[in-house]
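So the structure is just underneath, and the comments pick up after that.
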Amino acid sequence: MSFRFLACTLICLAQAVAQTPAEISLWASGAPGFESRRDEATIAKDYWIRNIHNPSVTVYLPPKEKATGAAVVICPGGGHRGLVFKAEGDDPARYLNSIGVAAFVLKYRLSREEGSPYSLQKHPREDGQRAMRLVRSRAAEWGVDPARIGMMGFSAGGEVVSMVAFGAPAADTNAADPIDRQSSRPDFLIMIYPGPLGVPETVGADAPPAFLLAANDDKCCSGPTVKLLERYREAKVPMEAHILVQGGHGFNMGNRSSLASVKGWPQRMADWLADTNILKAR
């Protein structure tokens, strides 16, 4: 084996290790009330992940020369029965990194998985809140502006975003855990074919600005998207919405679609992030 070959091999291995995202538990001792299950392994098969008992965020940081200071907590979909982690977690995280946005992919607890001990109305919301607070608490470490941390949700992940953004107090200033004293309020929302749970009857004037997108032929989730659009308009809160003619449900980042509008939707999101100055350091 030549020295040059060995050196190249070591460099490639080092780069691969450096590019492997770190996974960080939301609670060091496990989720409150379920600490005994923190060491149970997740089950990954095909395109989904299940058996999540130790909720976490996987950290994707952009190259320092590209970093804008903006960040997004990503909630993949999967009907609360699994998480479509690659197509609705890893792929959008890497896209966001390419435009200078730090990304944190949330593995939240699944209430509709067979035998699940979790409540749909409680535990995904708690995980989403804790993820936002954790990122804010370590913003300086990760080069993130704590005033430019948003949430992005696909399908059921959009329901988690709604629960966090519209349905719960943002902070507990008296919490024993200093992380829980941080605000869980997202500074902006990106909702991609979000499900109906958590969509509020009204949107307050202080709601985060939002980017909404779904296909008109999506029988599941075009309706909730339109409801959010209408409620944002009623509240006169900044919002951009795209209703594509077709595309159905679950087109992820558009990579597998033959439709130009579906393939190109991530650029619409990037344009919105730029136009609203979210990508601009303050």
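The values are calculated or read from the model by the stated rules, or taken from the named source; none is laboratory data. Nothing here was measured: the structure is a model prediction, and the numbers come from that model. Cβ: placed from backbone, ideal geometry, glycine included. Neighbour counts: every protein chain shown.
For the reader, a short list of remarks on this structure follows.
- Looking only at residues of segment 158-169 that are part of a loop (DSSP other than H, G, I, E, B) and touching a helix residue (DSSP H, G or I) at 6+ places or on another chain (Cβ under 8 Å), we find that the one that is surrounded by the fewest Cβ atoms within 10 Å (Cβ to Cβ) is Gly167.
- Answer residue from segment 175-228, given it is under 17 Å from Arg125 (Cα atoms) and of a type in the set (Lys, Arg) and is surrounded by the most Cβ atoms within 10 Å (Cβ to Cβ) among those: Arg185
- Filter result (under 15 Å from Asn97 (Cα atoms), crowded, with 16+ Cβ neighbours inside 10 Å and of a type outside the set (A, V, I, L, M)) within segment 22-71: Thr58, Tyr60, Pro62, Thr68, Gly69
- Any hit, segment 125-140, residues being outside any helix (DSSP H, G or I), touching a strand residue (DSSP E or B) at 6+ places or on another chain (Cβ under 8 Å), crowded, with 18+ Cβ neighbours inside 10 Å and in contact (Cβ under 8 Å) with a residue 60 or more places away in the chain: no
- Where a residue in segment 14-42 is at pLDDT below 95 and its partner, wherever it lies, is not in a loop (DSSP other than H, G, I, E, B), with Cβ under 7 Å and at least six apart: Pro21/Thr58; Pro21/Val59; Pro21/Tyr60
- Residues of segment 36-45 satisfying the condition of being over 22 Å from the mean Cα position of the chain (by Cα) and under 13 Å from Arg109 (Cα atoms): Arg37, Glu40
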